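One structure is given below, encoded as structure tokens.
Rule-based calculations on the coordinates, nothing more; no lab input. Given the structure is predicted, the values throughout are model-derived calculations rather than measurements. Note that we place each Cβ from the backbone using ideal geometry, even for glycine, and neighbour counts take in every protein chain shown.
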Amino acid sequence: MGLYAIGDLHLHFQSELKAYNQLHDRVWKGHEKKFVKNCAKIISDDDTLVLVGDHSWGRKLKESEKDLQYIMDLPGRKVLLRGNHDMFWDVKKTESLNMEYKDRLFFLQNNYYPYEDYALVGTKGFTFEGPFYIDHFGRIIGWDETAEEQAKKLVARESERLRQSFESAVNDGFTKFIMFLHYPPTNILEKESVFTAMADEYRPEQVIYAHSHGESRFYDSIMGEKNGIRYSLVSGDFLKWMPMKVI
Ligand SMILES: [Fe+2]
Ligand SMILES: [Fe+2]
């Protein structure tokens with residue numbers, strides 16, 4: 001039995017949307033096929049694969065069904081975290097998604113997933129990346145002076161969701177955790193954040209995050225050991241579509 005993680009598949013079997021780097025960077029060429037091949041090499045049906053957000057470009061569930069089917073067809077048990085692009089996943093509908101996809105996909109949000117004696121906990125998270133709007137091609141299309149204030153609210157809300165995830169596992173008697181965030185735990189200007197503080201409080205063995213694309217962004221946040229906790233980036237283009245073995 002093994003636990004694996006990777007993020008940012010950005011599938012678009014039904015949607016025309018694509019990110020700028022998906023059109024221009026070699027690493028994205030045929031990435032869906034490469035990923036299936038890599039999974040077949042290392043993941044078996046009693047393994048667990050955590051997909052750390054940004055699964056689908058579909059704007060609603062109907063536009064994401066083929067992307068979710070692709071994920072269901074991968075080997076192992078699949079646990080999904082919400083990414084900033086996952087419009088198909090209305091946060092209020094996590095429970096109904098978990099019912100609809102029961103025994104096929106698990107949607108991790110305000111809950112936890114048991115893996116052996118570990119609880120897999122997590123939330124989307126948030127890091128302030130500047131007061132601009134970026135379109136799906138990565139172009140700056142606007143500027144918002146209130147963005148920093150809004151970012152503080154988002155960080156507060158996401159940290160509450162993370163606490164809820166930890167607490168639901170603690171209440172069920174778990175003492176060992178692996179913590180997942182879609183956004184990096186800190187932005188390029190920070191050494192710590194509410195998310196690293198929460199990691200220091202609950203002591204997960206590892207913090208695993210995604211979201212950062214392209215050489216220039218891979219090293220924006222913490223990698224390696226900090227306060228006895230191992231931090232890893234698992235965005236798909238960083239891992240070249242080979243899932244990282246967590247445990
Ligand atoms: Fe992404
Ligand atoms: Fe993202």
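Below are the figures for this structure:
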{"read-out": "Cα convex hull of the chain, projected area averaged across orientations, nm²", "value": "12.5"}
{"read-out": "Across 124/240; 124/152; 124/153; 92/124; 41/124, pairs whose alpha-carbon gap is larger than 18 Å", "value": "124/240; 41/124"}
{"read-out": "Check: region 139-247 dipole with +1 on Lys, Arg Cβ and -1 on Asp, Glu Cβ, in debye", "value": "360"}
{"read-out": "Semi-axis lengths (Å, descending) of the ellipsoid that matches the C-alpha gyration tensor of region 111-247", "value": "26, 18, 13"}
{"read-out": "Residues of type aspartates and glutamates that residue 29 reaches as a straight line, Cα spacing below 18 Å, ignoring anything fewer than 8 places off in the same chain", "value": "8, 16, 54, 67, 215, 237"}
{"read-out": "Range of Cα positions in region 97-185 per principal axis (Å), largest first", "value": "45, 25, 19"}
{"read-out": "Charge dipole (debye, nearest 20) of region 1-104; +1 at Cβ of Lys and Arg, -1 at Cβ of Asp and Glu", "value": "240"}
{"read-out": "Trypsin sites (Lys or Arg not before Pro) restricted to DSSP loop in region 75-129 with at most 16 other C-beta within 10 Å", "value": "102, 104"}
{"read-out": "Förster-model FRET efficiency, 25 Å R0, residue 40 and residue 101, C-beta, rounded to 0.05", "value": "0.70"}
{"read-out": "Loop chymotrypsin sites (Phe, Trp or Tyr not before Pro), region 1-101 (other Cβ atoms within 10 Å of the site Cβ: 16 or fewer; DSSP)", "value": "13, 101"}
{"read-out": "Distance between region 156-207 and region 1-41 - C-alpha centres, whole angstrom", "value": "26"}
{"read-out": "Exposure rule at most 11 other beta-carbon atoms within 10 Å, DSSP loop GluC sites (Glu not before Pro): the chain longest free segment", "value": "17-115"}
{"read-out": "Base-10 log of normalised Debye intensity for region 1-104 (one unit scatterer per alpha-carbon) at q = 0.19 Å⁻¹", "value": "-0.99"}
